[in-house]
Amino acid sequence: MTTSRRILLAGMAGLAVAPTAVAAAPAPVPDDATVAEERFARMIAAAHAPDVGCARQAERYADMHWPDYVTAARAVLDARA
């Protein structure tokens, strides 16, 4: 599976659980995020970047906004367990 397809699927998974995760969980604190949560949050953020076609801009967007997606990443990772 190509990287762009993985990022797109991660973003879709984050969108599927984000509304319920945001309502159920407090605001994310990036300091207590595990490595897996941070990586997955960065993937979801990159998939939600305004210009997904440009990898550099998507990466910059993910670097700035990944804490906003920690809750969604946790929800997806918890659903897998």
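Every read-out reported here was derived from the displayed coordinates using simple, explicitly stated rules and does not represent laboratory data. Owing to the predicted nature of the structure, the values given are computational and were not obtained by experimental measurement. Please note: Cβ atoms are built from the backbone with ideal geometry, for glycine as well, and neighbour counts cover all protein chains shown.
In this label model, Asp78 and Asp51 are separated by 3.6 nm, measuring between points 7 Å along each Cα→Cβ vector.
Along region 55-69 the Karplus relation, 6.51 cos²θ - 1.76 cosθ + 1.60 evaluated at θ = phi - 60°, assigns HN-Hα couplings of 4, 5, 5, 5, 5, 5, 4, 5, 4, 7, 10, 4, x, 5, 10 Hz to successive residues, with x for each Gly and Pro.
Gain on full extension, evaluated as 0.36 nm per residue between Asp63 and Glu38 minus their Cα-Cα distance, stands at 8.0 nm.
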